[in-house]
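Q: Attaching a single structure in structure tokens format; questions to follow.
The values are calculated or read from the model by the stated rules, or taken from the named source; none is laboratory data. Just so you know, these numbers come straight off a predicted model, no measurement behind them. Counting neighbours? That spans all protein chains shown, and the Cβs are built from the backbone with ideal geometry, glycine included. These area figures cover heavy atoms from the full protein model, side chains too; ligands, DNA and RNA do not enter into them. Shrake-Rupley method; radii C 1.70, N 1.55, O 1.52, S 1.80 Å.
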Amino acid sequence: MRIGICDDVYDARLVLRSALERALERRGTAAQFFEFSSGEGLLRWTEKHAGELDLVFLDLEMGGVDGMETARRLRAADGGLQLAFVTGHADGVYDGYAVGALGYLLKPPPPEQLDDLLTRAQQALLRDLGRTYVCRSGDTYYRIPVERILAFSSDRRRITCRTDGRSVTFYGKLDDVAAEVGEGFVRLHQRYLVRAGAVARVEGSEAVLTDGTRLPISRSCQASALLALTRAALEGE
């Protein structure tokens, strides 16, 4: 589990991290922590590391961009990211529903409330697995919303997942990726697998994606690819 802690007070981050480490140890759950001293710093980091956090704890009363505004921006960028607030008082707690927050913890976090929140976070992440593609590149796991994927391309054992905002490269087999993502993706070529909804049109032996990228359709895949794309287009109407 990859957890972000955002608080402008170092001691508060330390207390929360220690409490989380104890709670996760009781569960036998491994975790990787990322600490941020400001909302601005967290937002800048996530611009370059989208999909690399599962759960973020945000202090509400930070200077600069406060916790609620940080949460709004995080939610706009990543609908699957789990959010929780930590606060010194209970005022304004209902505002969290607007960003789909898991809940609030008062400082210091009571162990039973922290356990409950972690349970709900893990359940939510499991529910979202069907709407995300998870891959590993080096020591980093990426959680990529399926609806943002344009295509997968293969170059020997290197797979590149292209989205509408970035690309992630990892080692694997395109056949295995196709089995994992299942319906909604179409094999165009030995080297290319596309999300059907990302195909704007077909021109001759090429599929034109919504971002203008052109990918070849091989002869061996042409009949099945055209049938699958036509079916997807009809179902989407």
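Q: Nearest 10 degrees is fine. How inclined is helix 111-127 to the longest principal axis of the chain, computing both from alpha carbons?
A: Result, in degrees: 10.
Q: Go ahead and run the numbers for FRET between Thr119 and Gln32, Cβ-Cβ distance against an R0 of 25 Å, rounding to 0.05.
A: Approximately 0.85, to the nearest 0.05.
Q: Given a 1.4 angstrom probe, what's the average accessible area per residue across the stretch 1-51, in square angstrom?
A: The answer is 54 Å² per residue.
Q: Before I look further, what does the stretch 144-184 give for accessible area per residue, probe 1.4 Å, in whole square angstrom?
A: 58
Q: Using a probe of 1.4 angstrom, how much of the accessible area of the stretch 132-190 is carbon and sulfur, in percent?
A: Ligands and nucleic acids excluded, carbon and sulfur give 41 percent.
Q: Here's another thing I want to ask about it. Can you tell me what the convex hull of the Cα atoms of the chain projects to on average, as an area in nm²?
A: Mean projected area of the Cα convex hull: 14.3 nm².
Q: Follow-up. Residue by residue through the stretch 39-46, what is 3J(HN,Hα) from phi via Karplus (6.51 cos²θ - 1.76 cosθ + 1.60, θ = phi - 60°)? Round to whole Hz and write x for glycine and proline.
A: x, 4, x, 5, 5, 5, 5, 5
Q: Give the distance, in whole Å, between the Cα centre of the stretch 1-54 and the Cα centre of the stretch 110-161.
A: Distance between centres, Cα-based: 16 Å.
Q: Highest mean first, how do 48-61, 102-115, 5-18 rank when packing is the count of other Cβ atoms within 10 Å averaged over residues?
A: Highest-to-lowest ranking by the protection proxy: 48-61, 5-18, 102-115.
Q: A further question follows. When you count, for each residue, the other Cβ atoms within 10 Å and take the mean per peptide, how do 153-165, 193-205 rank with the highest first?
A: Descending mean neighbour count gives 193-205, 153-165.
Q: Please list log₁₀ I(q)/I(0) at q = 0.09, 0.12, 0.23 Å⁻¹ for the stretch 131-237, using the Debye equation with identical point scatterers on the alpha-carbon positions.
A: The computed values of log10 I(q)/I(0) come out as -0.21, -0.37, -1.36.
Q: Give the relative contact order (percent, whole number) for the stretch 1-149; include only Cα pairs under 8 Å separated by 6+ residues.
A: The value is 21 percent.
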